[in-house]
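One structure is given below, encoded as structure tokens.
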Amino acid sequence: MATASLDTTATLLRIATAGSVDDGKSTLVGRLLFDSKSVLSDQLDAVERVSRDRGHDGADLALLTDGLRAEREQGITIDVAYRYFATANRSFVLADCPGHVQYTRNTVTGASTADVVVLLVDARKGLLEQTRRHLAVAALLRVPHVVVAVNKIDLVDWSKERFEDIAADLRAAAAALGVADVHAIPVSALLGDNIVDRSVNTPWYGGPSVLELLEELPSADADAAAAAEPFRLAVQHVVRPQSGEDRFRDYRGYAGQVASGVVRPGDEVVVLPKGTRTTVVGIDTADSLAAGLDTLPQAFAPQSVTVRLADDVDVAHGDLLAAAEGAPVPTQDVVATVAWLSEKPVAARQLVLLKHGTRTVKAQVREIAGRLDLDTLDRHELESADTLALNDLGRVTLRLAAPVPVEPYARARRTGAFLLVDPDDGGTLAAGMVDG
């Protein structure tokens, strides 16, 4: 097996799997866990027992990820199943997403924090609409790597030509969506070919197995990437003066999680959307206060801290503290790409709530520019659409009731993302990414 380079051996890789129904995704994940010796004996005993009850001769490895009782009884995957495993070279968090069209919203959840999407394709069927949809989700969420596992290659007689045709189709689709890093691997999840060990049945394939590739892919260190961006902190809570110890009688700070960047005492910041400028004079955590420290030297993403400011400025829950230089400009007009996650469709002039960081404002869907055509995958030529429905990927224009400091998602994933919420029942309608 290939050995990961030094810069990846200690890193965590976040994986999301995606594929159409019956492509063998759960079997692939189960095989990956089993062949990498990441399955506890009691888990395997339970899987073997359920497999016998179903009349299988051996263990149905798909059950290792179909953990919910309803899934096991129905033989389907209906939720995101998270699994943790490790090899000698790397640790992994794996989000096994459902393949059914009606659960594409779960794929959005699983892929939103992923470093790599492992996309399954049935070698007999080739590229399907759901495959295109999952690839589009990976592109919209800017997942750095896509691994295409062309499964059931044994059912097409280990055909090199069939594999190469599918790989070419997927590379073309990925290029149309702007996905730069795509790897294709011929596999048989049921038999274990090219999952952990390279297969003798595909002598024409000279690349790595799935696990070898996952061990070698560079990890998009989310925390390091966030720290490299400009400072942003969405205010969750205003800490006011308290009775008791003298040092807390005049204490005022603004608590929240650092979404990106680094902040230090002496840094100039701006309070958005108001636009008030001030200077950071102290940074605290519960531990630093308990230790009696005057201030921390710095705070960085994704730490949760309380920031003290030099001036008695108006700061409230939902405000954004941002580095004064290059701060986003609050706006009431937002053009964005959305993944519609609700069974309730949306039409122009519909009222919604927009949740950005810790701030929620009323909004109206002014215009639906169209939906992504999953046949052409042309991001610039949208299908005309009067509404967006469950699993649609479309572009909308929103008019907000109050200014919000959004940024293009391509430049800042944390402050460029938002949710649309149903004002009637509080349900999530869509995940949005601000266009640049």
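Worth pointing out:
- Square roots of five times the Cα gyration tensor eigenvalues for the range 291-368, Å: 35, 15, 12
- Spherically averaged projected area in nm², based on the convex hull that wraps the Cα atoms of the range 232-323: 5.3
- Ordered by 1.4 Å accessible area with all protein chains kept, PHE300, PHE418 run largest first as PHE300, PHE418.
- The convex hull built on the alpha-carbon positions of the range 245-395 has an orientation-averaged projected area of 11.9 nm².
- Neighbour-limited loop hits for trypsin sites (Lys or Arg not before Pro), the range 391-436 (at most 15 other Cβ within 10 Å; DSSP other than H, G, I, E, B): ARG411
- For VAL118, the residues whose amide H sits under 5 Å from its own are ALA16, THR17, ALA18, VAL147, ignoring neighbours fewer than 5 places away on the same chain, with H placed 1.01 Å from N.
- Solution diffusion estimate, µm²/s, Stokes-Einstein, the range 331-434, Kirkwood Rh from C-alpha pairs, 37 °C, viscosity 0.692 mPa s: 242
- Counting only protein heavy atoms and a 1.4 Å probe, the range 232-323 has 49 square angstrom of accessible area per residue.
The values are calculated or read from the model by the stated rules, or taken from the named source; none is laboratory data. Here the structure is a predicted model, which is why all the values come from computation and not from measurement. Neighbour counts run over all protein chains shown; Cβ positions are idealised from the backbone, glycine included. Just the protein is used for accessible areas: all its heavy atoms, side chains included, with ligands, DNA and RNA removed. Shrake-Rupley method; radii C 1.70, N 1.55, O 1.52, S 1.80 Å.
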